[in-house]
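For reference, the structure discussed in these notes is given below.
Here, each number is a calculation from the coordinates, and none is a lab measurement. Bear in mind the structure is a predicted one, so any value in this text is a computation, not a measurement. Cβ atoms come from the backbone with ideal geometry, glycine included; neighbour counts cover every protein chain shown.
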Amino acid sequence: MKILITGVAGFVGSNLAKSLLQRGHNVTGIDNLNYGFLRNIDAIKEDKNFQFFMGDIANPLILKDVKADIIIHLASQKIPRYTNALRTLEENYLMLRNVVHKCIMDKSKILFASTSDVYGKNPNVPFSENSDLVMGPTTVKRWAYALSKMYGEQYIIANHEEYGLNYTITRFFGSYGPNQNLTWWGGPQSVFIEKAFKKEAIDIHGDGLQTRTFTYVEDTVNALIACIENENSNNEIFNTGPKDNAEITIKDLAILIWKLVNGKDSEPKLNFIPYSTFGNYEDVMRRVPDITKLCSKLGFKPQWDLEQGLIETINWQKQFI
């Protein structure tokens, strides 16, 4: 199969490309390297079935001479905690519009990376794919990312109804692992690991009692491969998450990482930062997926426990400390 990955030098993209090449697929990757790194694709850049283009998906010309059976659209702007909401809203729309138009023109399938953030403030966990999507007020820019992904899902489904676009939508729950971005862009675990190695206080936003569900990247990639290779994924939405025992408070995540790095008897250093320092910001208190649909429809079975995955991630990240 000929597969195009946007954001190929990023965290999920680079891991996915490697696995797809090992499975005999032909992979073309595009990345503007704003958040990805060439080091992430060093291991595959000489593979005869891999081709890399440096460019921005927001520019439709980058897709002009590329053909694929399926486009995996991973490139994205994230929650505007440290940037502006306008960039998140505009770039996520422009990139998706260009990919969708390309898929319609070439009769390609799109696999769209959405997010668990679309469930927003819905208190009823675990979230199934039919759960309500509950956003906060539009005056809180934190919701711009979730709204851009909700719009993306609606835009894809509307183009399916209007033009027959073939799609799969995946909602990621907290992926982590080798090749992750080492800043807050990559999630709390990467920052926590660095702080633990340096024996510096780990910054925790709010009181740290908000929970998240983290998915080791190998499980994320295997779920994506199931969506790519199994036709039962066509025109469906799937939560992509880990085993049942992965929900953890951010405070407990920090403590676990500290002890995995420094030993179980080491006393963690924690620094709690009020949300007020981010301006008008609002957090989600619980985020837990129901992945029954993914498992039953595509035969997916997550393999990694949180502690097991964190050990692998810590060993990888050690080289950058």
(request) Counting helices only, and only those DSSP H runs with n ≥ 4, report the 222 nm mean residue ellipticity of the chain as the sum of -39,500 (n - 2.57) divided by its residues, in deg cm²/dmol to the nearest 500. (result) -11000 deg cm²/dmol
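At 25 °C and 0.890 mPa s, what whole-number value in µm²/s does Stokes-Einstein give for the translational diffusion of the chain, with Rh from the Kirkwood sum over Cα pairs?
Diffusion coefficient, whole number: 123 µm²/s.
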(request) Would you grab the residues whose amide H sits under 5 Å from the one on residue 288? Only those 5+ places off in sequence or on another chain, please, with H modelled 1.01 Å from N. (result) 127
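Ratio of the range 178-321's C-alpha Rg to 2.2 N^0.38 Å, to two decimals?
Details: Rg = 16.7 Å, N = 144, 2.2 N^0.38 = 14.5 Å.
Expressed relative to 2.2 N^0.38 Å, the Cα Rg reads 1.15.
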(request) First obtain the Kirkwood hydrodynamic radius of the range 265-310 from its Cα pairs, then insert it into the Stokes-Einstein equation at 37 °C and 0.692 mPa s, and state the resulting D in µm² per second as a whole number. (result) 215 µm²/s
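What fraction of the Cα pairs in the range 55-140, stated in percent, has a spacing above 14 angstrom?
Here the long-distance tail beyond 14 Å is 70 percent of all Cα pairs in the range 55-140.
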(request) Subtract the Cα-Cα distance of residue 51 and residue 203 from 0.36 nm times their separation in residues, and report this length gain in nm to one decimal. (result) 50.8 nm
(request) Considering the options 43, 96, 126, tell which one lies farthest towards the positive end of the dipole of the range 1-130, charges being +1 on Lys and Arg and -1 on Asp and Glu at the Cβ, about the Cα centre. (result) 126
(message) Loop by DSSP (not H, G, I, E, B), at most 15 other beta-carbon atoms within 10 Å: where is the longest site-free stretch of the chain for GluC sites (Glu not before Pro)?
(response) 47-199
(message) Taking loop as defined by DSSP and a crowding limit of 16 other beta carbons within 10 Å, which trypsin sites (Lys or Arg not before Pro) in the range 23-117 fit?
(response) 23, 45, 48, 64, 67, 81, 107
(message) For residue 202, what residues show an amide H to amide H distance below 5 Å, using hydrogens built from the backbone and excluding near sequence neighbours?
(response) 269, 270, 271
(request) Report, in cubic angstrom per residue, the convex hull volume of the C-alpha atoms of the range 87-194. (result) 136 Å³
(request) With N set to the residue count of the range 169-245, report its C-alpha Rg divided by 2.2 N^0.38 Å to two decimal places. (result) 1.33
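When DSSP assigns beta bridges and you keep just the ones with both residues in the chain, what percent turn out antiparallel, to the nearest 5?
5 percent
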(message) Tell me the angle of helix 11-22 to the major Cα principal axis of the chain, expressed in degrees between 0 and 90 and rounded to the nearest ten.
(response) 50 degrees
(message) Over the chain, with a Gaussian network built from C-alpha contacts below 10 Å, which listed residue (74, 310, 260) shows the highest mean-square fluctuation?
(response) 260
(request) Please express the Cα-Cα pair-distance distribution P(r) of the range 102-256 as a list of whole percents, one per 10 Å bin, running from 0 to the bin with the greatest distance. (result) 10, 33, 35, 17, 5, 0
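To the nearest 20 Debye, how big is the dipole of the chain about its Cα centre, given +1 on the beta carbon of each Lys and Arg and -1 on that of each Asp and Glu?
400 debye
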(request) Using the structure shown, list the pairs from 18/67; 48/318; 199/259; 259/318; 121/149 with a Cα-Cα distance above 21 Å, or answer none. (result) 48/318
(message) In whole Hz and in residue order, list the ³J(HN,Hα) couplings for the range 219-228 that follow from phi through the Karplus curve 6.51 cos²θ - 1.76 cosθ + 1.60, θ = phi - 60°; x for Gly and Pro.
(response) 5, 4, 5, 5, 5, 5, 4, 4, 5, 6
